[in-house]
Structure formats: structure tokens, C-alpha cells
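Notes for the one structure printed next.
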Amino acid sequence: MSLRLRRDVTTCETDEALVLLDGRNGRYWQLNPTGAAVLRALLDGQAPAAIARRLARAQPVDELRATEDVEALVRRLTAARLVEERTVEERAVEERLVAEQPVEKRDVTGR
């Protein structure tokens, strides 16, 4: 699963959360820090199962509960029409762009 924000959705970082504004209807949604981290990871193309495993290691929650929570967040964001799945074509273009980015050369010897 690879998600993206819908065209009319904008985000704003706050000290404690991530706010999503739906420009179609003026409604906004606030995600707590964990929800914001999950959404960022989903938008970066990470798999929900991998995100849940990472949550289970970092938070006092077992992997099953973390998986359920990640899936519930995806369902709620999708139902609210804040996110949508990227098409196969979009993913292919993104992968091509990443592969074509020049690698910055660095002197790892400290000189």
C-alpha cells in the first residue's frame, strides 16, 4: 500500500501534532505525535506491517494492537477522503526519480 494526500489536503506541523486541512470542506483533523509519525511513514511508502512492528518496539503496545491501530488510522483517513492510494504509474515515476537522483560524494576520511 502506498498512500498520498489527496490534492485538496494540506498539512501543518504544530509542536504537538500534525494538522490536516481538507480544502474541499474546510474541515481539519489533528493527529497526535504517534498518528503523525504513522502517516508520515505511510506517505513515505512504508508498509503498514513494518510501521506496526516499529511502533510495538518503541511504544508499550503489542504488535497485534499496533497493527490494528495503523489499519484503523488508514481506514479513517481514507473514509474522510484525506488520503488515497498511489497508482502503479505514480509509484513507478517516483521510483525512477529516486533512482536518477545524483549521489552526493563525500570525503568520509574526515579531510
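The values are calculated or read from the model by the stated rules, or taken from the named source; none is laboratory data. Here the structure is a predicted model, which means the values were calculated and not measured. Note that we place each Cβ from the backbone using ideal geometry, even for glycine, and neighbour counts take in every protein chain shown. For the accessible areas, the whole protein counts, side chains as well, though only heavy atoms, and no ligand, DNA or RNA atoms are used. Shrake-Rupley method; radii C 1.70, N 1.55, O 1.52, S 1.80 Å.
List of remarks:
- Taken over the range 61-82, the criterion of being open to solvent by less than 80 Å² (accessible area, probe 1.4 Å) and farther than 23 Å from CYS12 by Cα is satisfied by VAL61, ALA66, THR67.
- Scanning the range 32-61 for residues that are under 16 Å from ALA72 (Cα atoms), aliphatic (A, V, I, L, M) and free of Cβ contacts under 8 Å to residues at least 24 places away in the same chain yields ALA36, ALA37, ALA41, ALA49, ALA50, ILE51, ALA52, LEU55, ALA56, VAL61.
- Residue selected from the range 1-47 under the condition open to solvent by less than 90 Å² (accessible area, probe 1.4 Å), in contact with a helix residue (DSSP H, G or I) (Cβ under 7 Å, 6 or more places away or on another chain) and in a loop (DSSP other than H, G, I, E, B), by the criterion nearest to VAL70 (Cα to Cα): SER2
- Residue list for the range 48-60, filter: open to solvent by less than 90 Å² (accessible area, probe 1.4 Å) and in contact with an Asp or Glu (Cβ under 8 Å, 6 or more places away or on another chain): PRO48, ALA52, LEU55, ALA56
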